[in-house]
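K.L.:
My structure is below; once you've seen it, I'll send some questions.
Since every read-out is calculated from the coordinates, none of them should be taken as a lab result. These numbers come from a predicted model, not from an experiment. Note: ideal-geometry Cβ built from the backbone for every residue, glycine included; neighbour counts use all protein chains shown.
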Amino acid sequence: MKILISLILALLLAIFGFLLPRSISPGAVRPCEVIYSKINDRLFVISEEPGQILQLDPETAKPLHQIELPYKLSGAVLNGSGNRLFVTANGADGRILEIDTDKLIVLRDFSSGGHTPVSPVISPDERSLYVCNRFNNEVAQIYIVKAKVVNRHKVMREPVDLVFSMDGRYLFAGNFLPAERSDADQVAATISVIDLEKGFIENIELPNGSHSIGGMALSPDGRYIYVTHILARFQVPTTQLERGWMNTNALSIIDAKKRVLSASVLLDDRNLGFPNPRAIAFSSDGASLLVTSFGGEELSVINRNDLHSMIEGVISQDVLPNSYSDPANDLTLMSKINRKRIKLPGHGPGSMVVEGNMAYITEYYSGTLCVMDLNDDHSCFKKQIAFGKEDPFSDINRYGEMLFNSANLCFQKWQSCASCHPDARVDGLKWDLLNDGIGNSKNTKSMLHAHITPPAMSLGVRSTAEQGVRSGIHFIQFAEVDEKKAVAIDTYLKALRPVPSPYMVKNRLSRSASRGKKIFNREKCISCHPPPLYSDLKKYNVKSGKGIDKDKAFDTPALVEAWRTAPYMHDGSVLTMEELIRVHNPDGSSSLSEKENAELAVFVLSL
């Protein structure tokens, strides 16, 4: 009997063991979020992969306990009383985990109602949890008591961050990518503002070329919302990098009460970029604004009063919009105010929390937590906590991913590969690269399957993606190619796997998409787009070329993950898949009805 009981207990532990606190085990982790709880004076570090929640003593930064979870985690929020942590888990069937912060156990595991939930926030009355279901382009409201989605707010494109106004009436959602044709005069990501009383949504457009929103934060006085993002200069040929010719890195300031863009400023210096800005935090007295550079491995500490005084002085001048006196174009601004740039010890600084004079910063690729003493007038660095004994870069995939997201390869650190290919996909813009002539801009292409669908680029000017990677380092980052690093980047890109489409229903084609699949075969779309990659790897003149590209043959694009690569065509002139199907007919005609066109589009978007 004792043996039987022991076996049963062992089985139960194997099944439910991930719910129990454990001591810290070795192994490389990817810390993506850090949260401080004043109630029990603890730090909580969320590891994306493997899914873990680590509990630390903030005084010593010593790890105390951890809980392991069978998910890829993305974010977390603490309730007002500090006894519950709500953690989002990525995936097509997004999950939310309610964690008891005292016992560090999972109390509930429920659905976010959508695909890839991120940036959870709790309403001021603590009745509702709001999350960005990123790939559904929506913000979901979940009634906490019943763990049930009660409302869905459709926003622009890939919401990744949420911030409440001080009074709790408005919810600001940062959309990661632009949602326009890339050949439009104005192409920029937006901040969607949800009026929670009226259900009304308005959009605040960021400066032209804005994308890849990294973080958002409400100032302690509730007056401003600060937003970090890339500000691309995509209208010019990529002939140089000096003075932010291709990509600059910005901080936009939203007037929270008027719900308008107040100003945008550059976080770069004249000869040194501040690439891929990410998290935002404030000093305990609110006087300083802190921003991390994910691609540059730095921390900026900015005097807020100096910043706003300088902006007001520039804007009050009688100058034309978008002139060089516009803060969004002024690379000298940060040198004129009290701003300190601090080099961090690790790689991939992302999430940040400030408690007292201490700042705690996750370092995603190093698998570490950096502790900074903001009262230190010198380096501010105090210590770095590693969460495992394993060298995080012993895995060439991880090393290649770090290099892809790092601007340390780049001349003057203006940009990383991810500056134009966030998540190794697209930025929603088109660029005039020099590999096929000047004056013929092309849409940014996803890196997914690039190495197994040669040739590379829209015109196939690179015979392989390997050649494209090395050309990118040389001609886009203006750097000498280190072959070992290029191989590591290749390895990372080859390991990319498709994200399941939000158009799928329980991992299967919907009825509409199933009908669309039959149309796809009947209309012989399959002849040029055969599975599994949905490309025959050939080039065709489909009469879409203009100017110097007129009558040229274009590479047949793979259709896998087409749902996340809009706008379409080589020049980004088509915004939706339905429109693409209407205009892209090799014989110049179509016998499809409006319903058939929609069903065919749903099938392609399901791939």
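K.L.:
Could you name the lysines in cross-link range of residue 524, using Cα to Cα under 20 Å and dropping any fewer than eight places away on the same chain?
P.N.:
Excluding near neighbours in sequence, the set is 538, 539, 543, 595.
K.L.:
Over what distance in Å are the Cα centres of region 78-148 and region 182-205 separated?
P.N.:
The two parts, judged by their Cα centres, are 24 Å apart.
K.L.:
Quick check on the chain: helices-only [θ] at 222 nm, where DSSP H runs of length 4 and up contribute -39,500 (n - 2.57) each and the sum goes over total residues. Nearest 500, please. Mind showing how you got there, number by number?
P.N.:
On the way: 8 runs with 91 residues, N = 607.
That calculation yields -4500 deg cm²/dmol at 222 nm.
K.L.:
Run through every distinct alpha carbon pair of the chain and return the Kirkwood hydrodynamic radius in angstroms, one decimal place. Present the calculation step by step, with values, prior to reporting the outcome.
P.N.:
Details: mean 1/r = 0.0396 Å⁻¹.
The answer is 25.3 Å.
K.L.:
Go through 360, 149, 162 and say which Cα lies farthest out towards the positive end of the charge dipole of the chain; charges sit on Cβ, +1 for Lys and Arg, -1 for Asp and Glu.
P.N.:
Highest projection toward the positive end goes to 149.
K.L.:
Here's another thing I want to ask about it. Net charge around residue 564, counting only other residues with Cβ within less than 13 Å of its Cβ (Lys, Arg = +1; Asp, Glu = -1)? Mind dumping the intermediate values first?
P.N.:
On the way: positive: 134, 157, 425, 445; negative: 158, 423, 427, 561.
Net of charged neighbours comes to 0.
K.L.:
For residue 357 and residue 551, compute 0.36 nm times the residue count separating them, minus their Cα-Cα distance, and round to one decimal in nm. It would help to have the intermediate numbers written out before the result.
P.N.:
Details: separation 194, 0.36 × 194 = 69.84 nm, distance 6.30 nm.
That works out to 63.5 nm of additional length.
K.L.:
Sticking with this one: Is region 523-572 rounded, prolate or oblate when judged by the Cα gyration tensor, a ≥ b ≥ c being the square roots of its eigenvalues, rounded requiring a/c under 1.5 and prolate requiring a/b larger than b/c? Before the final figure, lay out the partial values.
P.N.:
Details: a/c = 2.49, a/b = 1.41, b/c = 1.77.
Judged from the Cα gyration tensor, region 523-572 comes out oblate (a/c at least 1.5, b/c at or above a/b).
K.L.:
Which listed residue (532, 566, 544) has the Cα farthest towards the positive end of the charge dipole for region 511-605, taking +1 on Lys and Arg C-beta and -1 on Asp and Glu C-beta about the Cα centre?
P.N.:
The Cα lying farthest towards the positive end belongs to 532.
K.L.:
When we measure straight from the Cα of residue 485, which lysines land under 19 angstrom away, once same-chain ones fewer than 8 places off are left out?
P.N.:
By straight Cα distance, residue 485 reaches 413, 494.
K.L.:
Same structure, new question: What is the distance, in nm, between label points placed 7 Å from the Cα along the Cα-to-Cβ direction at residue 594 and at residue 123?
P.N.:
Each label point lies 7 Å from its Cα, and together they span 3.7 nm.
K.L.:
Sticking with this structure for a sec: Debye sum, Cα scatterers, region 511-605, no solvent: what log₁₀ I/I(0) at q = 0.15, 0.23, 0.24 1/Å?
P.N.:
Log10 I(q)/I(0), no solvent term: -0.57, -1.42, -1.54.
K.L.:
Let me ask something else. Relative contact order, percent, of the chain when contacts are C-alpha pairs under 8 Å separated by at least 6 residues?
P.N.:
Values: 1493 pairs, mean separation 55.4, N = 607.
It rounds to 9 percent for the chain.
K.L.:
With the contact rule set at Cα under 8 Å and sequence spacing of 6 or more, what percent relative contact order holds for region 399-494?
P.N.:
Details: 138 pairs, mean separation 30.4, N = 96.
Relative CO of region 399-494 lands at 32 percent.
K.L.:
Something else: Counting Lys +1, Arg +1, Asp -1, Glu -1, what net charge surrounds residue 145 among other residues with beta carbon under 15 Å of its beta carbon?
P.N.:
Values: positive: 84, 108, 127, 146, 148; negative: 98, 125, 126.
For residues surrounding residue 145, the net value is +2.
K.L.:
In Å and on Cα atoms, what radius of gyration and Dmax does region 399-494 show?
P.N.:
Cα-based Rg and Dmax for region 399-494 come out at 12.3, 36 Å.
K.L.:
State the answer as a single residue: which of 584, 410, 371 lies farthest towards the positive end of the charge dipole of the chain, with beta carbon charges of +1 for Lys and Arg and -1 for Asp and Glu, about the Cα centre.
P.N.:
About the Cα centre, the residue reaching furthest to the positive side is 584.
K.L.:
Based on Cβ point charges of +1 for Lys and Arg and -1 for Asp and Glu, what charge dipole magnitude is obtained for region 132-200 about its Cα centre, in debye rounded to the nearest 20?
P.N.:
420
K.L.:
If the limit is 31 Å between Cα atoms, which of 257/336; 430/506; 484/550; 72/445; 484/552 go over it? Intermediate values should be presented prior to the final figure.
P.N.:
Numbers: 257/336 28 Å; 430/506 34 Å; 484/550 39 Å; 72/445 26 Å; 484/552 35 Å.
Violating the 31 Å limit, Cα to Cα: 430/506; 484/550; 484/552.
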